[in-house]
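The structure appears below as structure tokens.
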Amino acid sequence: MNAPAPVSLRHRVNQARLRLQASGQRLVIAVPFGWLLLFFLLPFALVLKISFAEFRIGIPPFTDLVTFTDQAYLRVTLAFSNYLRMVEDRQYLVAYLNSLRIAGGSTLIALLIGYPMAYAIARAPKGPRAVLLFLVVLPFWTSFLIRVYAWVGLLKGNGLINAALLSLGIIDQPLLIAGSDWGVHIGIVYSYLPFMILPLYATLEKLDPSLLEAAHDLGCRPWKAFLTVTLPLSMPGVIAGCMLVFIPAVGEFVIPELLGGADTFMIGRVLWNEFFLNRDWPVASAVAVVMLVLLVAPIMLFQHLQSREAPAKTEARP
Amino acid sequence: MPDQTKPATDRPVKHPPDLPGCTKKLGPPIVEIESVVKKFGDFTAVDGVSLDIFEGEFLCLLGGSGCGKTTLLRMMAGFEQPTSGRLLIDGKDMAGVPPYERPVNMMFQSYALFPHMTVEQNIAFGLRQDGMPRAARAKRVAEMLALVELERFALRKPHQLSGGQRQRVALARALAKHPRVLLLDEPLSALDKKLRERTQLDLVNIQERTGITFVVVTHDQEEAMTMADRVAIMDQGWIVQIDAPQAMYEYPNTRFVAEFFGDVNMFEGVLEEDEPDHVRIRSDELPVPIFVGHGISGREGATVWAALRPEKLTLSSEPPNQPHNWAEGVVKDIVYLGSTSTYIVELTSGKRVRSTIANHARDVEWTITWEDRVFVSWTARSPVVVTS
Amino acid sequence: MTSWRRNGFLITALGFGFAFLYVPIFLLILYSFNGGRLVTVWAGFSTKWYGELLHNEQLLGAAWISLRIAVTTASFATVLGTMAALAMVRFGRFGGRTLFSGMLSAPLVMPEVITGLASLLLFVSMERLLGWPEGRGVTTITIAHITFCTAYVAVVMQARLQDMDRSIEEAAMDLGARPLKVFFVITIPVIAPALVAGWLLSFTLSLDDLVIASFVSGPASSTLPMVVFSSIRLGVSPEINALATLLVVLATVAIAAVGWLQVRQERLSTRLAQGADAD
Ligand SMILES: Nc1ncnc2c1ncn2[C@@H]1O[C@H](COP(=O)(O)OP(=O)(O)O)[C@@H](O)[C@H]1O
Ligand SMILES: [Mg+2]
């Protein structure tokens, strides 16, 4: 039909501009990508490497995996002793199970306290609702350490709660709340309650009230309507809230350290102690690797599956 | 530097179409689309569209949801690149030309007003990009505000405006640069019915006053009829027919167009006789043949369809005195629409047809009502025969 | 809506929940004005702990270090996190996208003890191989904080960018603005509230971090949480009560101020709008 147009200058300018734009995009990707590779991913490779080293006294406090012998042979020494210790010494297994138990229990308690609160806030009139939400979010912006500390003063043997109960004559021996699992439960629920309430509120607030009205109209009693309509529809919020509480609780160090007893071993605390008290970096690394494989990887997988399911669900809704 | 912008001389000179019943004179083609294809992965959104848009015209791209209207518009604006084919604006090939260098502007379906800028700043945005001096800019913005009657709202932010006001800001912003072509993607779809009808006339007015070429995407057939000089009907990435609204209505070239563009009764039949001055069609749905007063140069024995608009069917209680173009049936429903009424008649063959009668035509003796036996008839000039 | 007030169960739940959230903090504040050293015994009103706080060189020094780290962290993390979010939301597919998205979400679920240990091992190895960073201190803490805060900012910004109507940017381009200009004149102002939120989030996270900082800090770089932590371990101290009170009040004032500014902005613009309606 037409003769092919000669490649115009204008066309070439446009091509050059497109190339420039593409390289700009590449830069925007490369900078955070490079940063995370160097400062996030590479460190885990090092953790893995050092978990196979052996403890020694010196700087750094571990042996090299790769050494050159006199004959210039490359020798790679992998020490599995750290992992063997995980299996042999029951202390580690107990700490893992403790972490799961305490984190799970606290999550459940937070859900039981948080759900009615989120529901009440979502049903509140507009004005009070903003204030209530503000009150939920506010503790998050204040120091976590300070909030845990507030309970130390309350729960200790000679703390306020015991003093009050003793003087009222309700108990005659101080309760040992701080220094038991209960102290840890209280600390976790207290610290992470806002993380439970916010996602629950977000789903409950979006819930169309006419659905409940329809259920009532069809003869469903309020309590039944809650169980058959509200609760199932708020499941995404329940799952999100539970994940937000459970995940940080499992690896928690500060709360068991300050509010738990000497024997409340959670895995985060074990790792801390191996590192700071025993100065055994290889064992600390091995604990970290096992934690990654047994806790973090399943959680990430779960979240990945969840997020893949979520768009399908939201699309189904009009 | 050799001038590459001049249209190649070997290209045929294109003449604008005559617009029946319209005093407007169209200029030379301003947008030329040549066999443009757009694929998203395996999916073909625009499938070989060729279309010339002439200077000064008001063109409507009409089609159902997902037929590729927006994609075609976005290719003109430069947000999508054609997979193949050429797109020229003012004779210049637009391949690789980014949106910010094209002499067209777009009004977005969502309006896309800048939420952090006032109405005034929104309208001035495009002028500012061109480096227009402050005084000239202020003057143009004032003109635009006057054009869309928003002078009092100049200092508001978009979220402080009603839907209709936002729509006018979007229009003013797109018009401010005096683009060669204004592209509007479903500009009225977010307005309520009353406002939409008023705004249709406003758009036509503004188009005539400014003389800017308008390309409006819509899925509403009545809207296209009200506003357009020409309508292009799209289906599954194709342009099926392009014509003035009147011609489109009277002479649809396919069943699809006839059914999409207004109400129609469609009779399927076999072409029995095809002479230069008439056509005879035998249909199982009718007791007598259909006789059409012009030839169609089809193959005898082929399956064809006769399309009849409801207002072309007349009802009578006596059998019409003609050997063709009628049928007998029973009135099943009457839909009263104010100025007209539509009668739904079930023919003996079981087919239901619609006949629209102007209510002023029903005199006192009009007695046809539910369950009456009636005769439906039409003249030889009424049917349009389509072969696909 | 009237039934809301009458629903005894919901009101009780709210009352109990908020009492649980706020009573400990109120008691903390109350006892920061206690004249005596014992927590359980009220020995009269006094502000002497605040005075002592002002002369506690160690706490003040730590607070200054923490503040510097938090400001740097928040600024870098906001830039990096926004870039990461742009890459995820805007640039379609690119090589390593899955890995990238994994690295962006992993810090959110990673126990702090692991992140801290891993970062430390990296800094030790880097120093041995490259001679940098020399020892550990403010720099290493800042780098570790930027890394995990970037992930948080990226989450906030991704949500914002996904919500944002792309056609706004297309409209700007259609009106003649080049991509870079569109980004600075349209995109940045539109996502500005999210940028501020991301910055504040990073600032708070950095200021609050104890565990990671403990791993990667050096001898002369104890942050405020580290100093507070070691003093809490020794027992409740009224001075820490005073510090806690100050921090709580500061955070409340800051949040309330941000909220108030937003409300005022809203009111101002509605009033302007009403003015235009009146004439
Ligand atoms: N960016 C895109 N990627 C993939 N498919 C697209 C894209 N844009 C449009 N499509 C598809 O192309 C078809 C035509 O879309 P569109 O032009 O928006 O239709 P219309 O505006 O006529 O409703 C639709 O099926 C749509 O799903
Ligand atoms: Mg569309």
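The values are calculated or read from the model by the stated rules, or taken from the named source; none is laboratory data. Note that the structure is a prediction, hence the values are computed from the model and not measured. Using ideal geometry, Cβ is built from the backbone for each residue, glycine included, and neighbour counts are taken over all protein chains shown. Side chains included, ligands, DNA and RNA excluded: accessible areas come from the protein's heavy atoms. Shrake-Rupley method; radii C 1.70, N 1.55, O 1.52, S 1.80 Å.
Between a first residue in segment B:203-229 that is among the small types (Gly, Ala, Ser) and a second residue that is more than 16 Å from ligand 1 (Cβ to nearest atom), which pairs have beta carbons less than 7 Å apart while being 6 or more apart in sequence or on different chains?
Hits for this filter: B:Gly211/B:Gly56; B:Ala224/B:Pro245; B:Ala228/B:Phe58; B:Ala228/B:Pro245.
How do the helices (runs of 4 or more DSSP H) wholly within segment A:167-275 filter down when requiring 3 or more residues that are under 16 Å from the mean Cα position of the chain (by Cα): which remain?
Of the helices (runs of 4 or more DSSP H) lying wholly inside segment A:167-275, those with at least 3 residues that are under 16 Å from the mean Cα position of the chain (by Cα) span A:181-206, A:235-250, A:254-259.
Which condition number does B:Ala170 fail, the rest of (1) within 16 Å of ligand 2 (Cβ to nearest atom); (2) under 22 Å from B:Ile233 (Cβ atoms); (3) crowded, with 20+ Cβ neighbours inside 10 Å being met?
Status for B:Ala170: all satisfied but (2).
Just one of (1) out of contact with any Phe, Trp or Tyr (no Cβ under 6 Å at 6 or more places or on another chain); (2) at pLDDT below 95; (3) of a type outside the set (Asp, Glu) trips up C:Thr142, so point out which.
Here C:Thr142 clears every test but (2).
State all residues of segment A:46-58 that are more than 21 Å from the chain's Cα centre (by Cα) and at the interface with chain C (Cβ under 9 Å from one of its Cβ atoms); if no residue qualifies, say none.
A:Leu46, A:Lys49, A:Ile50
Please find, within segment B:207-246, the residue that is farthest from ligand 1 (Cβ to nearest atom) out of those that are open to solvent by 10 Å² or more (accessible area, probe 1.4 Å) and β-branched (Val, Ile, Thr).
Looking at the filtered set, the residue picked out is B:Thr210.
Checking the conditions here, which among B:Val231, B:Val204, B:Val217 is within 16 Å of ligand 2 (Cβ to nearest atom), assigned by TED's automatic domain parsing to the domain that holds B:Tyr249 and not in a loop (DSSP other than H, G, I, E, B)?
B:Val217
Inside segment B:39-75, can you point out the residues that are within 14 Å of another protein chain (Cβ to nearest Cβ) and either over 18 Å from the mean Cα position of the chain (by Cα) or within 12 Å of ligand 1 (Cβ to nearest atom) (or both)?
Answer for segment B:39-75, where residues must be within 14 Å of another protein chain (Cβ to nearest Cβ) and either over 18 Å from the mean Cα position of the chain (by Cα) or within 12 Å of ligand 1 (Cβ to nearest atom) (or both): B:Phe40, B:Gly41, B:Thr70, B:Thr71, B:Leu73, B:Arg74, B:Met75.
Can you say whether C:Ser101 is within 9 Å of another protein chain (Cβ to nearest Cβ), polar (S, T, N, Q), surrounded by fewer than 22 Cβ atoms within 10 Å (Cβ to Cβ) and free of Cβ contacts under 8 Å to residues at least 60 places away in the same chain, as far as the supplied structure shows?
no
With respect to the numbered conditions (1) small (Gly, Ala, Ser); (2) farther than 23 Å from A:Met300 by Cβ; (3) at the interface with chain A (Cβ under 10 Å from one of its Cβ atoms), which one is the sole condition not fulfilled by C:Gly131?
Failed condition: (3).
Does B:Leu203 satisfy being open to solvent by less than 40 Å² (accessible area, probe 1.4 Å), among the aliphatic types (A, V, I, L, M), within 18 Å of B:Met106 (Cα to Cα) and more than 16 Å from ligand 1 (Cβ to nearest atom)?
yes
Could you figure out which of (1) open to solvent by less than 10 Å² (accessible area, probe 1.4 Å); (2) assigned to a loop (DSSP other than H, G, I, E, B); (3) among the hydrophobic types (A, V, I, L, M, F, W, C); (4) within 16 Å of ligand 2 (Cβ to nearest atom) isn't true of B:Leu72?
Here B:Leu72 meets the rest and fails (2).
Determine, yes or no, whether C:Gly51 is open to solvent by less than 40 Å² (accessible area, probe 1.4 Å) and not in a helix (DSSP H, G or I).
In short, no.
If we only count helices (runs of 4 or more DSSP H) wholly inside segment C:176-220, which ones have 3 or more residues that are within 14 Å of chain B (Cβ to nearest Cβ) and without any contact (Cβ under 8 Å) to a residue 12 or more places away in the chain?
Qualifying helices (runs of 4 or more DSSP H): C:179-182, C:188-208.
Looking at C:Leu86, C:Leu130, which is the one that is surrounded by fewer than 20 Cβ atoms within 10 Å (Cβ to Cβ), in the same structural domain as C:Ser217 (by TED's automatic domain parsing) and of a type outside the set (Phe, Trp, Tyr)?
After ruling out the rest, the residue left standing is C:Leu130.
Could you identify the single residue in C:Ala43, C:Ala62 that is more than 9 Å from chain A (Cβ to nearest Cβ) and at pLDDT 90 or above?
Unique residue meeting the criteria: C:Ala62.
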